[in-house]
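Visitor: Pasting a structure here, questions to come.
The values are calculated or read from the model by the stated rules, or taken from the named source; none is laboratory data. Since the model is a prediction, treat every value here as computed from it, not as a measurement. When we count neighbours, we look across all protein chains shown, and the Cβ atoms used for this are built from the backbone with ideal geometry, even at glycine. Keep in mind that these areas ignore ligands, DNA and RNA; they rest on the heavy atoms of the full protein, side chains included. Shrake-Rupley method; radii C 1.70, N 1.55, O 1.52, S 1.80 Å.
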Amino acid sequence: MFTRETANLRGWLLLVMLASSLAVAALLSQSKIVLDYSSFRPTAISLGILIVTAIICAKRGFTRWSLVMEILSIGVALSILGLIASYLATSLSLPLADELLASADQALGFDGAAFILWIDTHPWMAWLLMQAYASFAFQLILLPLILVMCGQAARGFGLVLSYALVCFAACLISIWFPAVAANVTYGIDGTMLQAINPQFGFAFLEQFHAVRDEMHFVFSLDKAQGILTFPSVHTATAVICAVSLWTIPWLRYPILVLNTGMVVSTLTHGGHYLVDVIAGAILAVAALWFVRRLAEVSAPIIRQQTEAQPADQVT
């Protein structure tokens with residue numbers, strides 16, 4: 001269970017969480033964003049319970065359950081930090097890149113508007129894609145836990161670490177490529193859609209414009225939305241999840257199908273351009289490769305004895 005690779009990736013994950021916490025705190029102090037701390041209270045309480053439970057399980061020798069609680073708490077904390085980082089990047093209010101991204105799609109021969117409207121004429125496809133798109137958060141919570149419970153803790157920590165690296169890299173890249181949404185650029189209004197649920201593709205616009213335009217913006221976890229367009233974090237997450245679960249035979253193909261649907265749904269439900277999808281996939285491959293290298297190196301933040309057993313493979 002607790003192999004050398006698990007210990008290494010666990011250490012790197014803790015190091016990334018510490019570094020990102022300090023970086024986000026420092027950037028917040030210099031930004032126009034103010035946190036609504038009351039909105040964080042329920043999540044903070046839940047994290048506290050998870051951490052205490054992880055400590056108790058570790059002391060009683062329930063290693064697997066301790067790792068489950070630990071990976072869940074770290075994953076939630078990093079997701080919140082990544083969400084705040086995306087608002088920090090967007091708040092810089094650089095010129096919108098929608099025209100550039102739409103031109104890139106055109107150069108690739110992809111007609112995003114036609115694709116969205118075609119899916120909208122097929123209700124069953126629109127519904128399935130919506131379920132795939134909405135599985136984003138559930139997969140990030142459940143899949144690392146499944147990996148740990150199946151004895152592949154290294155892959156579980158690797159999944160969360162890859163996702164964290166993708167989030168922060170996407171936030172950095174998006175500073176120079178802020179974009180509203182493909183459907184807005186195409187002139188597709190939510191009221192025009194018959195089968196596609198407009199919730200995901202339009203709900204974030206209020207937050208996107210507010211953090212760009214307001215002189216002082218209050219970040220509330222209750223109202224927070226995914227506001228990054230380029231690159232697509234949904235696509236990157238889909239690739240990471242599909243690769244990470246490939247070693248579990250009974251889940252391999254269901255997860256592959258689900259995440260293929262998630263990638264497609266970013267174009268129909270997520271307001272993404274095709275170049276967002278391509279960039280997200282490239283980012284995911286890079287993160288997976290980097291995490292595989294990190295699995296071979298001990299993190300300076302932690303040195304822990306591991307059991308003498310065959311190593312988990314990370315990819």
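Visitor: Using only the alpha-carbon atoms, what does the stretch 231-283 span along each of its principal axes? Please give whole angstrom values in decreasing order.
Guide: Answer, in whole Å and largest first: 33, 20, 11 Å.
Visitor: Can I ask one more? Taking the Cα atoms of the stretch 165-250, report the difference between the largest and smallest coordinate on each principal axis, in whole Å and largest first.
Guide: So the extents along the principal axes, rounded to whole Å, are 48, 35, 26.
Visitor: Relative to the longest principal axis of the C-alpha atoms of the chain, give the angle of the C-alpha long axis of helix 274-294, reported between 0 and 90° and rounded to the nearest 10°.
Guide: In the chain, helix 274-294 runs at an angle near 10 degrees to the longest axis.
Visitor: Something else about it: When the helix-only estimate is applied to the chain (DSSP H runs of n ≥ 4, each -39,500 (n - 2.57), divided by the residue count), what is the mean residue ellipticity at 222 nm, nearest 500 deg cm²/dmol?
Guide: Helices in the chain give a 222 nm mean residue ellipticity of -22000 deg cm²/dmol.
Visitor: If we count trypsin sites (Lys or Arg not before Pro) as exposed when they sit in a DSSP loop and have at most 10 other beta carbons within 10 Å, what is the longest stretch of the chain that avoids them all?
Guide: Within the chain, the longest run free of exposed trypsin sites (Lys or Arg not before Pro) spans 61-302.
Visitor: Using θ = phi - 60° and the Karplus curve 6.51 cos²θ - 1.76 cosθ + 1.60, what whole-Hz ³J(HN,Hα) does each residue of the stretch 234-244 get, with Gly and Pro shown as x?
Guide: Those phi angles translate into 4, 5, 4, 5, 4, 5, 4, 5, 5, 5, 5 Hz.
Visitor: I would also like to ask the following. Report Rg (one decimal) and Dmax (nearest whole number) for the stretch 72-157, counting Cα atoms only, units Å.
Guide: 18.5, 47
Visitor: Next up: From the mean inverse distance of alpha carbon pairs (Kirkwood) and the Cα radius of gyration, derive Rg over Rh for the stretch 137-199.
Guide: With Rh from the inverse mean 1/r over Cα pairs, Rg/Rh is 1.19.
Visitor: Where a ≥ b ≥ c are the square roots of the eigenvalues of the C-alpha gyration tensor, would you call the stretch 1-71 rounded, which needs a/c under 1.5, or, failing that, prolate if a/b is larger than b/c, or oblate?
Guide: Oblate shape, in that a/c is at least 1.5 and b/c is the bigger or equal ratio.
Visitor: Over all pairs of distinct alpha carbons, what does the Kirkwood formula give as the hydrodynamic radius of the stretch 6-120, in Å?
Guide: Across the stretch 6-120, the inverse of the average 1/r is 17.8 Å.
Visitor: For PHE219, enumerate residues with amide H under 5 Å from its amide H, sequence gap 5+ or separate chain, H modeled in the peptide plane.
Guide: Residues meeting the criterion, in which the H sits 1.01 Å from N, are VAL34, LEU35, ASP36.
Visitor: Related question: Provide the per-residue ³J(HN,Hα) series for the stretch 162-167, in order, calculated from phi with Karplus coefficients 6.51, -1.76, 1.60 and θ = phi - 60°, each as a whole number of Hz, with x at glycine and proline positions.
Guide: 4, 4, 4, 5, 4, 4
Visitor: Using Cα atoms only, what is the angle between the long axis of helix 136-149 and the major principal axis of the chain, expressed in degrees (0 to 90) to the nearest 10?
Guide: Its long axis makes an angle of about 20 degrees.
Visitor: Something else about it: At what distance in angstrom do the alpha carbon centres of the stretch 118-185 and the stretch 51-109 lie from each other?
Guide: Cα centroid of the stretch 118-185 versus Cα centroid of the stretch 51-109: 10 Å apart.
Visitor: Per residue of the stretch 89-102, in order, report the coupling 6.51 cos²θ - 1.76 cosθ + 1.60 (Karplus, θ = phi - 60°) as ³J(HN,Hα) in whole Hz, putting x for Gly and Pro.
Guide: Per residue, the Karplus-derived 3J(HN,Hα) values read 5, 5, 5, 6, 6, 5, x, 5, 9, 4, 4, 5, 5, 5 Hz.
Visitor: Another one. With all protein chains present, how much of the accessible area of the stretch 8-155 (probe radius 1.4 Å) comes from carbon and sulfur, to the nearest whole percent?
Guide: The value for the stretch 8-155 is 72 percent carbon and sulfur by accessible area.
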